[in-house]
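Visitor: Once you've had a glance at the structure underneath, I'll fire off some questions.
The values are calculated or read from the model by the stated rules, or taken from the named source; none is laboratory data. From a predicted model like this one, the values you see are computed outputs, not experimental measurements. Quick reminder, even Gly has a Cβ in these numbers, built from the backbone with ideal geometry, and neighbours come from all protein chains shown.
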Amino acid sequence: MATAGTLHDAFIDELRDVYNAEQQITKALPKMIKAANARELKQAFNDHLEETRHQIERLEQVFESLEEKARGKKCDGMAGIIEEGKTAMGEDFDEPTMDATLVAAAQRVEHYEMAAYGTLIAWAEAMGHGDAVSLLQENLEEEKAADQKLTKLAESGINEQAAELAHPEGEEEEEDEPQARSTRSSSGARGRNGGAHRMVGRR
């Protein structure tokens, strides 16, 4: 009868999964750099490509600290996220929209990695693998910083520029005017019939 796997086995399996995920990212980022239009976004992707190479080196040190061979196991989750990004890059979007889409794709990658590193760190701590914890924590902090940088880029102009092209100012006013008249009319009717309040949600 085969011996049941332990948390150590699960940890190594997850480590190999992340190792492969980082390797996939090093192949995907150059294509994202080429597809990006904003100079700041290109630079952010370039910076993270260099970080990812260092993250792979740290993962190899984790394997070494556990006396395990550094090898990957295909990460289907990352493969799917990257494939979605490729599909988006194949769309005929205007430049700001393409950049907004690239930010979204990159943040999906970051969030996946952050979840994976969080699990690895928790398991390494539980098993007393101090060296592994330190190395994995460095990778996690870089992923968090990259995610925050992407959010700032999106909020500092990329999303706004894409939205302006989606709804030009004149077109938006034209479309909103009949809706505004309708809202005022229906609001007044509700007020006469018992003073009901309108709930306006903010996204």
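Visitor: Mind counting the residues in region 128-137 that are exposed (fewer than 15 other Cβ atoms within 10 Å of the Cβ) and in contact (Cβ under 8 Å) with a residue 40 or more places away in the chain?
Guide: Keep residues of region 128-137 that are exposed (fewer than 15 other Cβ atoms within 10 Å of the Cβ), which gives 128, 130-131.
Narrowing the set further to residues that are in contact (Cβ under 8 Å) with a residue 40 or more places away in the chain leaves 131.
Result for region 128-137: 1.
Visitor: Which one is farthest from GLU113 (Cα to Cα) among residues in region 1-22 that are of a type in the set (A, V, I, L, M) and free of Cβ contacts under 8 Å to residues at least 60 places away in the same chain?
Guide: Just the residues of region 1-22 that are of a type in the set (A, V, I, L, M), to begin with: 1-2, 4, 7, 10, 12, 15, 18, 21.
Now restrict to residues that are free of Cβ contacts under 8 Å to residues at least 60 places away in the same chain: 1-2, 4, 12.
Values: MET1: 36, ALA2: 32, ALA4: 27, ILE12: 16 Å.
Restricting to residues being of a type in the set (A, V, I, L, M) and free of Cβ contacts under 8 Å to residues at least 60 places away in the same chain, the top hit is MET1.
Visitor: Please pick out the residue among GLU67, GLU51, GLU125 that is more than 18 Å from ALA10 (Cβ to Cβ) and of a type outside the set (Phe, Trp, Tyr).
Guide: GLU51
Visitor: Among the residues of region 1-16, which ones are modelled with pLDDT under 95 and not aliphatic (A, V, I, L, M)?
Guide: Within region 1-16, THR3, GLY5 qualify.
Visitor: Taking region 143-172, which residues are under 25 Å from PHE11 (Cβ atoms) and surrounded by 20 or more Cβ atoms within 10 Å (Cβ to Cβ)?
Guide: Those that are under 25 Å from PHE11 (Cβ atoms) and surrounded by 20 or more Cβ atoms within 10 Å (Cβ to Cβ): GLU143, ALA146.
Visitor: So, one more: Let me confirm something: among ARG39, ARG53, which residue is of a type in the set (Lys, Arg) and in contact (Cβ under 8 Å) with a residue 24 or more places away in the chain?
Guide: Details: ARG39 fails: in contact (Cβ under 8 Å) with a residue 24 or more places away in the chain.
After applying the criteria, what remains is ARG53.
Visitor: Let me ask another. When region 20-35 is examined, which residues are found to be among the small types (Gly, Ala, Ser) and either at pLDDT below 95 or more than 16 Å from the chain's Cα centre (by Cα) (or both)?
Guide: ALA35
Visitor: Determine the pairs where a residue that is farther than 21 Å from TYR112 by Cβ, located within region 141-162, has a partner that is of a type in the set (Lys, Arg) and surrounded by fewer than 19 Cβ atoms within 10 Å (Cβ to Cβ) with Cβ atoms under 9 Å apart, the partner being 6 or more residues away or on another chain.
Guide: none
Visitor: For region 145-161, check the following and say yes or no: at least one residue is over 11 Å from the mean Cα position of the chain (by Cα) and under 30 Å from SER65 (Cα atoms).
Guide: Yes; the residues of region 145-161 include at least one that is over 11 Å from the mean Cα position of the chain (by Cα) and under 30 Å from SER65 (Cα atoms).
Visitor: Ok, one more. Hey, can you tell me all the residues within region 5-19 that are more than 17 Å from the chain's Cα centre (by Cα) and assigned to a helix (DSSP H, G or I)? Write out each step before concluding.
Guide: Of all residues in region 5-19, those more than 17 Å from the chain's Cα centre (by Cα) come to 5-17, 19.
Hits for region 5-19 are LEU7, HIS8, ASP9, ALA10, PHE11, ILE12, ASP13, GLU14, LEU15, ARG16, ASP17, TYR19.
Visitor: Right, next: Among the residues that make up region 83-91, is at least one of them in contact (Cβ under 8 Å) with a residue 60 or more places away in the chain and over 13 Å from the mean Cα position of the chain (by Cα)? Steps first, please.
Guide: Going through region 83-91, the residues in contact (Cβ under 8 Å) with a residue 60 or more places away in the chain turn out to be none.
The answer is no, given that none of the residues of region 83-91 is in contact (Cβ under 8 Å) with a residue 60 or more places away in the chain and over 13 Å from the mean Cα position of the chain (by Cα).
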